[in-house]
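**Q** The structure's right below; bear with me while I get my questions together.
The values are calculated or read from the model by the stated rules, or taken from the named source; none is laboratory data. This is a predicted model, so every value here is computed, not measured. Cβ sites come from the backbone with ideal geometry, for glycine too, and all protein chains shown count toward neighbours.
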Amino acid sequence: MTKRIIGLTGNIATGKTTVTNYLASAYNLPILDADIYAREAVSLGSPILGAIAQRYGEEILLPDASLNRQKLGEIIFNCQDERNWVENLIHPYVRDRFLKEIAQSSSQTLVLVVPLLFEAGMTDLVTEIWLVSCSQEQQLQRLIQRNNLNREQAQARINSQLSIKEKVAHANVVLENFSTLEVLLKQIDVALIPMINDILKT
């Protein structure tokens, strides 16, 4: 049986974590998270962290020699060329980690959480694309509150990604996170019906 690989994506602060937690807790689906692999890529002593430090200087590091993420964020969210440079280091590492985990997994359904699924060119890794969507004003308010950013900083992070409108055209499932949690979770249940039917047949 061909694996069902769900590529869960959505722009920053749209509600991907809420969807991921529900898929894991309610359906016990294996979750492979690009953000976790991206943090691994720049872990203490890694070659990628070394390259970043060489490019931006020791001030990009914290006293314990780990990456100063806030400092790096200030650089890459204000300069497209620098963001491209960093992502070109990290994305191949993340792709390799996904490929290894997919190959080793015995599960017939996997969820790949990839915020930059389109931007990083990883759509070929999945069999279907789920997009979590909300209004840009909701994004802004959630991001400001969650990350303690001002409006300009939050907007810069939103602007660094392709628009939701562009991504909707390429998604198999659009989960609209405009309303209540209950409404969002019901959409997830409906989207998983093919998997549930397969389980009932076995």
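**Q** In the range 102-122, how many residues are touching a Gly at 6+ places or on another chain (Cβ under 8 Å) and loosely packed, with under 14 Cβ neighbours inside 10 Å?
**A** Total meeting the criteria: 0.
**Q** What tally of residues in the range 72-107 results from selecting those that are farther than 26 Å from VAL19 by Cα and part of a helix (DSSP H, G or I)?
**A** Within the range 72-107, the subset farther than 26 Å from VAL19 by Cα is 72, 74-76, 78-86, 88-89.
If we keep only those that are part of a helix (DSSP H, G or I) as well, we get 72, 74-76, 80-86, 88-89.
So the count comes out to 13.
**Q** A further question follows. Looking at the range 141-149, can you tell me whether even one residue there is surrounded by 16 or more Cβ atoms within 10 Å (Cβ to Cβ), under 20 Å from the mean Cα position of the chain (by Cα) and in contact (Cβ under 8 Å) with a residue 24 or more places away in the chain?
**A** Checked the range 141-149: at least one residue is surrounded by 16 or more Cβ atoms within 10 Å (Cβ to Cβ), under 20 Å from the mean Cα position of the chain (by Cα) and in contact (Cβ under 8 Å) with a residue 24 or more places away in the chain.
**Q** Can you spot a residue in the range 51-61 that is in contact (Cβ under 8 Å) with a residue 12 or more places away in the chain, charged (D, E, K, R), within 22 Å of GLY121 (Cα to Cα) and surrounded by 13 or more Cβ atoms within 10 Å (Cβ to Cβ)?
**A** no
**Q** Still on this structure: Just to be sure before I move on: is ILE76 farther than 22 Å from SER163 by Cβ, β-branched (Val, Ile, Thr) and not assigned by TED's automatic domain parsing to the domain that holds SER25 in the structure I sent?
**A** Judged against the criteria, ILE76 is not a match.
**Q** Kindly check whether there is at least one residue in the range 28-47 that is among the hydroxyl-bearing types (Ser, Thr, Tyr), outside any helix (DSSP H, G or I) and touching a residue at least 40 places away in the same chain (Cβ under 8 Å).
**A** no
**Q** Now for a separate question. Which is of a type in the set (A, V, I, L, M), at pLDDT below 95 and loosely packed, with under 14 Cβ neighbours inside 10 Å, of ALA154, ALA169? Break it down stepwise before answering.
**A** Details: ALA154 fails: loosely packed, with under 14 Cβ neighbours inside 10 Å.
ALA169 is the lone residue from the list that is of a type in the set (A, V, I, L, M), at pLDDT below 95 and loosely packed, with under 14 Cβ neighbours inside 10 Å.
**Q** Continuing with the same structure: For the range 67-101: of the residues being in contact with a strand residue (DSSP E or B) (Cβ under 9 Å, 6 or more places away or on another chain) and within 13 Å of ARG39 (Cα to Cα), which is surrounded by the most Cβ atoms within 10 Å (Cβ to Cβ)? Break it down into steps so the answer makes sense when it comes.
**A** Step one: list which residues in the range 67-101 are in contact with a strand residue (DSSP E or B) (Cβ under 9 Å, 6 or more places away or on another chain), which gives 67-68, 71, 97-98, 101.
Adding the requirement that they be within 13 Å of ARG39 (Cα to Cα) leaves 67-68, 97.
Values: LEU67: 20, ASN68: 17, ARG97: 18.
The extreme case among them is LEU67.
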